[in-house]
Amino acid sequence: MDGSQGENDAAYWRERAEQLQHALTSRIAIEQSKGVLAERLGLDMEGAFALLRYAARGARMKLHDLALAVVENEETPEEVVHAIARHADTLARVPRAQRIVQTETFFRAVNDEIASLDGQVFLCECGNPACMAAITLSRESLARLHADKHTFVVLKGHEIPDVETVVAQADGYLIVRKEQVRGLTRESGGN
């Protein structure tokens with residue numbers, strides 16, 4: 001094998017590695033943007049991807065570039081806003097109450113993870129996806145509260161009366177109850 005063949009092989013494999021790295025980086029950005037859009041808009045992952053793809057096509061931009069814009073900016077990119085405006089019925093399919101429950105269920109899972117790490121400061125489990133308020137209670141209190149899959153801990157003033165009922169009040173926080181929690185109804189094993 002002569003030296004030029006070895007150099008060609010090395011250049012080929014270097015280019016191939018760069019292509020694979022770009023594909024991996026692109027996929028990560030797309031997955032992250034799906035999660036961001038799902039949380040912001042109350043969509044499932046399939047719906048978030050469909051919206052992202054539709055918005056990228058409508059704006060004639062690469063899916064990866066739009067995905068990066070979603071992930072790197074606090075505001076939803078104009079391309080996504082325009083796509084939603086063209087098909088507002090997409091969001092109407094996910095009722096407001098269901099979007100609230102999805103957000104509260106997410107923060108409940110985060111709090112369960114904090115408890116597993118021996119934390120004592122938890123996050124408000126209210127339906128506002130931007131809320132990052134802290135609630136201090138014991139891990140044991142949180143575990144008792146979460147034994148009933150229909151209850152969530154929220155700061156006073158963060159309750160949403162038209163979709164949940166305040167069932168108890170403690171030092172600085174409320175316990176709210178939902179009778180119908182998608183995926184966690186009485187029939188599927190809740191208390």
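The values are calculated or read from the model by the stated rules, or taken from the named source; none is laboratory data. Values in this document were obtained by computation on a predicted structure and should not be read as measured data. As a convention, Cβ positions derive from the backbone with ideal geometry for all residues, glycine included, and neighbour counts pool all protein chains shown.
Name the single residue, out of those in the stretch 24-74 being without any contact (Cβ under 8 Å) to a residue 60 or more places away in the chain and among the basic types (Lys, Arg), that is surrounded by the most Cβ atoms within 10 Å (Cβ to Cβ).
Filtering the stretch 24-74 for residues without any contact (Cβ under 8 Å) to a residue 60 or more places away in the chain gives 24-38, 41, 43-74.
Then drop every residue that is not among the basic types (Lys, Arg), which leaves 27, 34, 53, 57, 60, 62.
Details: Arg27: 12, Lys34: 23, Arg53: 15, Arg57: 13, Arg60: 7, Lys62: 11.
Across the stretch 24-74, the extreme among qualifying residues is Lys34.
Which residues, taken from the stretch 128-170, are among the small types (Gly, Ala, Ser) and either not in a loop (DSSP other than H, G, I, E, B) or not assigned by TED's automatic domain parsing to the domain that holds Phe106 (or both)? Before you say what the answer is, go through the steps one by one.
Narrowing the stretch 128-170 to residues among the small types (Gly, Ala, Ser): 130, 133-134, 138, 141, 143, 147, 157, 168, 170.
Matches in the stretch 128-170: Ala134, Ser141, Ala143, Ala168.
Search the stretch 96-118 for residues that are more than 15 Å from Val176 (Cβ to Cβ) and among the small types (Gly, Ala, Ser) and pair each with any residue that is at pLDDT 85 or above and surrounded by fewer than 15 Cβ atoms within 10 Å (Cβ to Cβ) when their beta-carbon atoms are under 7 Å apart and the residues are at least 6 apart or on different chains.
These pairs meet every condition: Ala115/Ala143.
Residues that are out of contact with any Ser or Thr (no Cβ under 7 Å at 6 or more places or on another chain), aliphatic (A, V, I, L, M) and modelled with pLDDT of 85 or more, at least 3 per element: which helices (runs of 4 or more DSSP H) completely within the stretch 39-93 meet that?
Details: elements: 45-59, 63-72, 78-86, 89-92.
So the answer is 45-59, 63-72, 78-86.
Is there a residue being assigned to a strand (DSSP E or B), touching a strand residue (DSSP E or B) at 6+ places or on another chain (Cβ under 7 Å), surrounded by 12 or more Cβ atoms within 10 Å (Cβ to Cβ) and not β-branched (Val, Ile, Thr) anywhere in the stretch 99-110? It would help to see each step written out before you state the result.
At the first step, the residues of the stretch 99-110 found to be assigned to a strand (DSSP E or B) are none.
No, the stretch 99-110 contains no residue that is assigned to a strand (DSSP E or B), touching a strand residue (DSSP E or B) at 6+ places or on another chain (Cβ under 7 Å), surrounded by 12 or more Cβ atoms within 10 Å (Cβ to Cβ) and not β-branched (Val, Ile, Thr).
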